[in-house]
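Inspection log for the structure reproduced underneath, given as structure tokens.
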Amino acid sequence: ELPGFYYDSEKNRYFRLLPGHNNYNPLTKESIQYKAMECKRLRLLEEEEKQKKNTTRAGLNSSMLLRKRQLGLLSSTSYCRLVHELKVNCMQRRKIEIHSPDSSVTGTNNFKIIVADVACERIFTVNDVEHGGCKYGIINLSGLGKESLTVEMYDNLYFTNRKVNSVCWASLTHPDSHLCLMGIAETPGCASLLPASLFSNTYPGDRPGMLCSFKISTAWSCAWCLNPQADNCFSTGLTRRVLVTNVVTGHRQTFGTNSDVLAQQFATQAPVLYNGCRSGEIFSIDVRQRNRKGQSWKAIRLFHDSAVTSIRLLEDEYYLMAADMAGKIKLWDLRTAKCVKQYKGHHNEYAILPLHVNEEEGLLIAVGQDCYTRIWSLQDAHLLRTIPSPHPSSKDAIPSVVFSSRLGGSQGVPGLLMAVKQDLYHFSYN
């Protein structure tokens, strides 16, 4: 790489690179990199349409797996895991048609965030509005059958002016009955707890209002506690502090930190909150203890070299998955406070991007800042598949994904949902 020059692989020679501030100069380093990335994306899309998908493991095909299973060379656990890997490599993209009973809901707003409830029957969506702010809605996945790919979207027109940084489902009166929203209003931040029934069209005249809303400093993350010892509590990750609020009693606990809290998750076996910070530190808080000055309340402490953007506890709660802004994804053993696995290939430099862990299929899914969706094997950190975005990569076109073996409920269809720009896609997992 020569300073002031760029190499053209087609012409096999160097050309002078003019300063990037010249608006009439088409040759800047960024434009050349973007052109190369776009060529790679189009090539991968063409290969997927022609179904030229080679498995990343040698000899991984259905007939070979079945033969090894019949000969007793594979255990049932290994066989199921490898079958899931094979299915992931064979997923095909199909566009979903979105219907809405409300005529004002149109496909002109870009998807920013999609979050599925525990049963994967509904998806909460945050869409960027052209004139600023966000629009919220709920998509019902019951119509996502094998023969038809249609979903119903219900919109809420009452809350449209707040930028949303983080959202999670909350179980107050019944599982996934409410939604926690964290975002920035004008200058102060705002935390809101909304009933999910606001988005239902069953009783439009008798809709419940907002359950709780309060102004705070800039909010980065949120999490809801499902442990009965800290019932009806949710946490908010703020600038240099953590706020835990009981929505019924209104009681609040504040824990000061040395950095902004960008990611949070509660454990279910104990009322312990895990936090990932901009400084790269990951620490846990037992919310049963009272915060006293001069008293150390951090239990487990782990450290990344860059800002932690997402954390996910595994089901046994002995392991924690964390991603940072250096593009590193690490699996930590909480008992020894050591990194036991690292998942390579993820791309991130500045964005707060989530991780998606599916232990039933043994898969880890993450969308990079380069707009590629990558899928790894949880067991051996092997990169199974890299899915290009259907749209050209840009900062405002990073896909938001949901993966489940039962999209639409217990009898639903398995696969990957991807929201990009105004479109929703389904990658069939069959």
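The values are calculated or read from the model by the stated rules, or taken from the named source; none is laboratory data. Because the structure is predicted, anything quoted here is derived from the model rather than measured. Here Cβ is always computed from backbone atoms with ideal geometry, including for glycine, and neighbour counts include all displayed protein chains. For accessibility, only protein heavy atoms count, side chains too; no ligands or nucleic acids. Shrake-Rupley method; radii C 1.70, N 1.55, O 1.52, S 1.80 Å.
Scanning the range 417-430 for residues that are under 19 Å from GLU147 (Cβ atoms) and either buried (at least 18 other Cβ atoms within 10 Å of the Cβ) or small (Gly, Ala, Ser) (or both) turns up LEU417, LEU424, TYR425, HIS426, PHE427, SER428, TYR429.
Of the residues that make up the range 72-85, is at least one open to solvent by 100 Å² or more (accessible area, probe 1.4 Å), modelled with pLDDT of 80 or more and not polar (S, T, N, Q)? So far as the range 72-85 goes, yes, one or more of its residues are open to solvent by 100 Å² or more (accessible area, probe 1.4 Å), modelled with pLDDT of 80 or more and not polar (S, T, N, Q). Number of residues in the range 211-240 that are open to solvent by 50 Å² or more (accessible area, probe 1.4 Å), within 16 Å of SER166 (Cα to Cα) and not hydroxyl-bearing (Ser, Thr, Tyr) equals 2.
Beta carbons closer than 6 Å, at least 6 apart along the sequence or on distinct chains, pair a first residue in the range 110-135 that is on the phi > 0 side of the Ramachandran plot with a second that is open to solvent by 10 Å² or more (accessible area, probe 1.4 Å) for CYS120/ARG406; GLY133/THR160; GLY133/ASN161. Annotation: VAL367 fulfils all but one of (1) of a type in the set (A, V, I, L, M); (2) within 25 Å of GLU30 (Cβ to Cβ); (3) out of contact with any strand residue (DSSP E or B) (no Cβ under 6 Å at 6 or more places or on another chain); the unmet one is (3). Across the range 401-416, the qualifying residues are those that are under 19 Å from LEU355 (Cβ atoms) and open to solvent by 20 Å² or more (accessible area, probe 1.4 Å), and the one among them that is modelled with the lowest pLDDT is SER405.
Among the criteria (1) at positive phi; (2) in a strand (DSSP E or B), the one GLY250 does not fulfil is (2).
Scan the range 173-201 for residues that are at pLDDT below 85 and assigned to a loop (DSSP other than H, G, I, E, B) and jot them down. Within the range 173-201, ALA185, GLU186, THR187, PRO188, SER200, ASN201 meet the criteria. Restricting attention to the range 367-402, the residues being assigned to a strand (DSSP E or B) and basic (Lys, Arg) number 2.
Would you pick out the residues in the range 388-427 that are among the basic types (Lys, Arg) and in contact (Cβ under 8 Å) with a residue 60 or more places away in the chain? Result: ARG406, LYS421. When restricted to residues that are farther than 14 Å from LEU193 by Cβ and modelled with pLDDT of 80 or more, the range 118-132 contains 10. Of the set (1) closer than 14 Å to TYR274 by Cβ; (2) not in a loop (DSSP other than H, G, I, E, B), all apply to GLU317 but (2). Going residue by residue through the range 133-154, is there one that turns out to be part of a loop (DSSP other than H, G, I, E, B), within 20 Å of the chain's Cα centre (by Cα) and modelled with pLDDT of 85 or more? No, the conditions are met nowhere in the range 133-154. Scanning the range 10-63 for residues that are modelled with pLDDT of 70 or more and not in a helix (DSSP H, G or I) returns GLU10, LYS11, ASN12, ARG13, TYR14, PHE15, ARG16, LEU17, LYS50, ARG57, LEU60, ASN61. One residue stands out in the range 253-291 among those that are open to solvent by 30 Å² or more (accessible area, probe 1.4 Å), outside any loop (DSSP other than H, G, I, E, B) and without any contact (Cβ under 8 Å) to a residue 40 or more places away in the chain: the one that is farthest from LEU302 (Cα to Cα), namely GLN253. Within the range 353-366, residues that are more than 18 Å from GLY327 (Cβ to Cβ) reach partners that are of a type in the set (Asp, Glu) and open to solvent by less than 10 Å² (accessible area, probe 1.4 Å) with beta carbons closer than 9 Å, at six or more positions or on different chains, in the pairs GLU361/GLU85; GLY362/GLU85; LEU363/GLU85. Only residues that are assigned to a loop (DSSP other than H, G, I, E, B) and out of contact with any Cys (no Cβ under 6 Å at 6 or more places or on another chain) were counted in the range 214-247, giving 10. Residues in the range 326-352 that are assigned to a loop (DSSP other than H, G, I, E, B) and either free of Cβ contacts under 8 Å to residues at least 12 places away in the same chain or open to solvent by 30 Å² or more (accessible area, probe 1.4 Å) (or both): how many? The total comes to 11.
Take ARG385 and tell me if it is in contact (Cβ under 8 Å) with a residue 12 or more places away in the chain, open to solvent by less than 20 Å² (accessible area, probe 1.4 Å) and either in contact with a Lys or Arg (Cβ under 9 Å, 6 or more places away or on another chain) or not aromatic (Phe, Trp, Tyr) (or both). Considered against the rule, which asks whether it is in contact (Cβ under 8 Å) with a residue 12 or more places away in the chain, open to solvent by less than 20 Å² (accessible area, probe 1.4 Å) and either in contact with a Lys or Arg (Cβ under 9 Å, 6 or more places away or on another chain) or not aromatic (Phe, Trp, Tyr) (or both), ARG385 comes out as yes.
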